[in-house]
Amino acid sequence: KRLSPFSKETERIMTDLFEDLAIHVRFTGVLFQDDGYLSDFEDFHPDAVKVYNKKFGTSDFSPDKLSDEQKAEWTRLKTARLNEFSSRLMEAVRKYRPDTRSARTLYAISVTKPYSEEWLAQNYQETLKYNDYVVIMAYPEMEGVWWKNAWLDNLLEAVSQQPGALDRTVFKLQTYNWRKKRWISDKTIVKRIRRLVGGGA
């Protein structure tokens, strides 16, 4: 089971945790990792269902019964809630460490295929608004792509189309191939780093 960002209890527990960290630990940045997403069939916590019902004027919420327009609206609400949730956690941190910067990790598909927001509740442009940095998982082996260099080029191009985004985007490279259960060679990693940096990353 995963914590619901719509849950008031979740927000209280997480806020307390982040405040405790800020009080007792010296750090200058917070990275919200890639598990911060909601699939197209999440979430059904009672607090989330209240939001569904209020938004769509129903007491019997079911994602299968939503129209395409309603699904799109619900996706936007989930995306916004995740961004607002992490922003509130950063507010708790900055009470004690005001110079702390925030970064959030996104899957590459949220950059190259914006319609994937329905599957992940991740939106690259919106994430840029809420964070100092966005970390993109540039993992061609995990994505199962054949033309890996072209895939990286397309990812870099998609980022560069957003004004000022290259300065605030970190490309996180995959170093282990989980499918083949082996490390990716240093030579390959260096080539990819040079390719990205050469393109402005």
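Which count do you get for residues in region 33-82 that are farther than 18 Å from ARG2 by Cα and acidic (Asp, Glu)? Final tally of qualifying residues: 5. Annotation note: Cβ proximity below 6 Å between a residue of region 185-201 that is open to solvent by 40 Å² or more (accessible area, probe 1.4 Å) and a residue that is at pLDDT 95 or above and not in a helix (DSSP H, G or I) (sequence gap 6+ or interchain) occurs for ALA201/PHE171. Only one of the numbered conditions (1) part of a helix (DSSP H, G or I); (2) in contact (Cβ under 8 Å) with a residue 24 or more places away in the chain; (3) of a type outside the set (A, V, I, L, M, F, W, C); (4) in contact with a helix residue (DSSP H, G or I) (Cβ under 7 Å, 6 or more places away or on another chain) is not met by SER110, and that is (2). When every residue of region 170-187 is checked against the conditions, at least one turns out to be under 20 Å from TYR37 (Cβ atoms) and among the charged types (D, E, K, R).
Residues checked against (1) free of Cβ contacts under 8 Å to residues at least 40 places away in the same chain; (2) of a type outside the set (Lys, Arg); (3) within 19 Å of VAL30 (Cβ to Cβ):
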residue	(1), (2), (3)
GLU126	no, yes, yes
MET142	yes, yes, no
ASP153	no, yes, no
ALA158	no, yes, no
GLN162	yes, yes, no
LEU173	yes, yes, no
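For region 165-201, a residue qualifies if it is at positive phi and among the basic types (Lys, Arg), and exactly one does: LYS181.
The values are calculated or read from the model by the stated rules, or taken from the named source; none is laboratory data. Keep in mind it's a predicted model, so treat the numbers as computed, not measured. All Cβ positions, glycine included, derive from the backbone under ideal geometry; neighbour counts span all protein chains shown. Ligands, DNA and RNA are excluded from the accessible area calculation, which covers all protein heavy atoms including side chains. Shrake-Rupley method; radii C 1.70, N 1.55, O 1.52, S 1.80 Å.
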